[in-house]
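Structure first, commentary second.
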Amino acid sequence: MAKKTQGVLPVKKNDVTDLRIEDLTHEGHGVGKIDGYPLFIPNALPGEQVRVKVVKTSKNYGFGRVMDWHNKSQDRVVPPCPVYYKCGGCQLQHLSYEGQLTAKQKQVQDVMERIGKLPDVPVLPTLGMEEPWRYRNKSQVPFGMSEGRVISGFYAKRSHEIVDVKECIIQEEVSDQVMTLVKQKANELGIQPYDEARHKGVLRHVVIRYGRTSGEVMVVLVTRTNDVPHVLELIDVLKENIKGLSSIIHNVNSKKTNVIMGEKTTVLWGSDVIYDSIGDIRFAISAQSFYQINPVQTEVLYKKALEYAELTGEENVVDAYCGIGTISLFLAQKAKKVYGVEIVEQAIEDAKKNAELNGINNAEFEAGPAEVIIPKWHKEGKTADVIVVDPPRKGCDEALLQTILEMKPKRVVYVSCNPGTLARDLRVLEDGGYRTEKVQPVDMFPQTSHVECVASIYRVD
Ligand code: SAH
C-alpha cells in the first residue's frame with residue numbers, strides 16, 4: 001500500500017474511489033479510510049463496500065458521497081419516514097434497531113478507550129425500547145413560508161430550511177395533530193410565520209408537550225410579537241380538536257436568536273402546568289422546564305441510577321445538575337436526605353413544588369452553579385455518601401470533580417448525554433481514587449445518534 005506522503009492528501013475533491021466502511025461516527029456517518037486518511041460518508045454502514053466521490057477534503061479528514069454500493073449491510077433497512085434523508089431530526093433510520101443499539105454500545109466503548117484510557121471498563125449492551133417510535137413527549141415545531149403557504153416541520157440537515165411535514169413518527173401523535181391544525185388555521189386566517197432572515201412575521205414555533213401518564217397536552221405558541229393574531233380562533237380550534245388539551249400558553253420571543261422561547265410567558269387558556277409520572281413520582285411540568293423527552297426510557301435510566309447508588313436509607317445524597325428534581329425525588333424514596341443543586345432558578349422552584357406534590361420532605365434544593373454550591377456545602381460541613389451528577393453535554397466542571405474527590409463519597413453515579421465528556425471526567429475520578437465498575441448505555445433517543453449513559457463508580461480504599 002502506498003504510504004501517505006507528508007502534506008499531500010491521498011485523495012482530492014471529485015476523486016472517485018472504492019472503499020470499505022469500517023466504522024460509524026457519532027453523527028451516524030460511515031467511516032472509510034484511504035491510506036489511513038478517513039473519509040466520512042453519510043448513509044454508509046459498517047461492512048459495506050462502496051464507490052464514493054470525494055466531496056470535500058481538509059487536513060485530517062474528508063467527506064464523500066456514495067455513488068454505488070458493491071454490497072449492502074445486513075443491518076440496512078428502508079427508513080420508514082419519507083423525509084428521512086432531508087430532515088435533520090434522525091440520523092439512524094437506515095440502520096436496524098438492533099444495529100443502532102450495538103453501534104451505540106461500540107461508540108461508548110471506543111471513547112472509554114480513546115478518551116478515558118479505560119479499555120477494560122465493561123460497557124454493557126444498550127438498553128433499548130420495545131417500540132422505538134412515537135416516544136418524544138415534546139416537539140418544537142418551527143413555522144415558515146414556502147411558495148406563499150405556511151409550512152411547519154423540522155429543520156433540514158445542517159440548515160435552517162424547514163422541511164414541511166404532516167407527521168413525525170418519533171413524536172407523539174398529538175403533536176402531529178396540533179402541528180397540522182395550527183398550520184391549517186394559519187393559512188386560513190393569514191397568520192404570518194416568522195421570517196428568520198428578515199426578522200419579520202409573527203409565528204415562530206409551536207411547542208407541544210404531552211404527559212404520558214396523565215394524557216394532558218400543553219400547546220405553547222411562540223411569537224415574535226406581543227400579541228397573537230386571531231388568538232380566540234386558535235384557542236377554539238385547539239379546544240375542539242385536541243383530546244387531553246389542558247393548557248395553552250403564549251410565549252413572546254422578539255429576539256434575533258436560535259433559542260426557541262423568550263422570557264415572557266402567559267397562560268391563554270387552562271393550566272400553567274401539565275403532569276406526568278415516572279415510576280411513583282409525579283411531576284408538574286411548565287412550558288419552560290427541562291424534562292426528559294422519552295419518559296419510558298427515563299424510568300429505565302433513573303432505575304439504573306438508583307440501583308447504582310446502592311442506597312439503604314441511611315445515606316446523604318447530593319444530586320448535581322438536578323433540573324426540576326426528577327432524579328433527586330427518585331432517590332429520596334430510598335435515602336436519608338437528598339440535596340439537589342441546579343443553575344436555573346425556575347427549575348429549583350419546580351423541584352421544591354414537586355417534592356411537596358409527592359409528600360417528600362427529605363429533599364432540599366438550592367439554585368446556583370454546582371461547581372460553586374457543592375464546594376460551599378463541603379465547607380459548611382455537609383457530607384455525601386453518594387453523589388449523582390447529570391451534567392449537560394459539556395460534562396462536569398473541573399472544580400466540581402475536585403470537590404467530589406475531596407468529599408470522598410463511597411459511590412458516584414454519573415448520568416451523561418455525551419460519552420466523550422463522560423470518559424474525560426471518569427479519567428479524573430479514576431486518577432483521584434475511584435474505579436468505574438460499569439457503564440450502561442440507555443437508548444433515550446431511538447433513530448438518532450444520541451447516546452445516554454449511566455456509570456457506576458466507587459471509591460477504592
Ligand atoms: N437531572 C435532570 C436534569 C439534567 S439536564 C433530569 O434528569 O431531568 C442538565 C441540567 O444541568 C439542566 O437542568 C441545566 O440547567 C443544568 N446545569 C447546567 N449547567 C449547570 C451548572 N453549572 N450547575 C448546575 N446546574 C447546571
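The values are calculated or read from the model by the stated rules, or taken from the named source; none is laboratory data. As the structure is a prediction and not an experimental result, all values here were calculated from the model. Positions of Cβ are generated from backbone atoms using ideal geometry, with glycine treated the same way; all protein chains shown enter the neighbour counts. The protein model used for the area step is the full one, side chains on, heavy atoms only, and it has no ligands, DNA or RNA in it. Shrake-Rupley method; radii C 1.70, N 1.55, O 1.52, S 1.80 Å.
Here the accessible area of the chain is 49 percent carbon and sulfur, with a 1.4 angstrom probe and all protein chains present. Residue-wise, which Karplus ³J(HN,Hα) couplings in Hz belong to segment 245-250, taking 6.51 cos²θ - 1.76 cosθ + 1.60, θ = phi - 60°, and x for glycine or proline? Once rounded to whole Hz, the list reads 4, 10, 7, 10, 10, 10.
The local environment of residue 418, defined by Cβ-Cβ distances under 11 Å, has a net charge of +1 under the rule Lys, Arg +1 and Asp, Glu -1. Applying the criteria of a DSSP loop state and at most 16 other Cβ atoms within 10 Å to the trypsin sites (Lys or Arg not before Pro) of segment 234-322 yields 243, 255, 256. If one computes the Cα centroid of segment 123-154 and of segment 4-76, what distance in Å separates the two points? That distance is 28 Å.
This model, with +1 at the C-beta of Lys and Arg and -1 at the C-beta of Asp and Glu, gives the chain a dipole about its Cα centre of some 1580 debye.
Remark: spin-label model distance residue 188-residue 361 equals 5.2 nm, labels positioned 7 Å along the Cα→Cβ axis. In this structure the amide hydrogen of residue 269, modeled in the peptide plane, comes within under 5 Å of the amide hydrogens of 248, none closer than 5 places in sequence on its chain. Whole angstrom only: what separates the Cα centroid of segment 423-457 from the Cα centroid of segment 208-264? Cα centres, segment 423-457 to segment 208-264: 36 Å. Treating cross-link reach as a plain straight distance, find the aspartates and glutamates whose alpha-carbon is under 20 Å from the alpha-carbon of residue 379, omitting any fewer than eight places away in the same chain. Cross-link targets: 315, 319, 342, 364, 366, 371, 397, 398, 406.
Exactly which GluC sites (Glu not before Pro) in segment 263-310 are in a DSSP loop and have at most 16 other Cβ atoms within 10 Å? Display every interim value, and only then the final one.
Values: sites: 263, 299, 307, 310; in loops: 263, 310.
Listed in order of number, the matching sites are 263, 310.
What is the set of long-range amide H partners of residue 278 at a cut-off below 5 Å, with H atoms built 1.01 Å from backbone N? Long-range HN contacts for residue 278: 283. Simple spin-label estimate for residue 435 and residue 167 gives 5.1 nm between the two label positions (7 Å along the Cα-to-Cβ direction from each Cα). In this structure the amide hydrogen of residue 444, modeled in the peptide plane, comes within under 5 Å of the amide hydrogens of 452, none closer than 5 places in sequence on its chain. Accessible area per residue for the chain, computed on protein heavy atoms with a 1.4 Å probe, is 47 Å².
Judged by the mean number of other Cβ atoms found within 10 Å, the most tightly packed of the peptides 358-371, 188-201, 93-106 leads the ranking 93-106, 358-371, 188-201.
Placing a label point 7 Å from the Cα of residue 33 along the Cα-to-Cβ direction, the residues of segment 102-116 whose backbone N falls under 15 Å of that point are 114.
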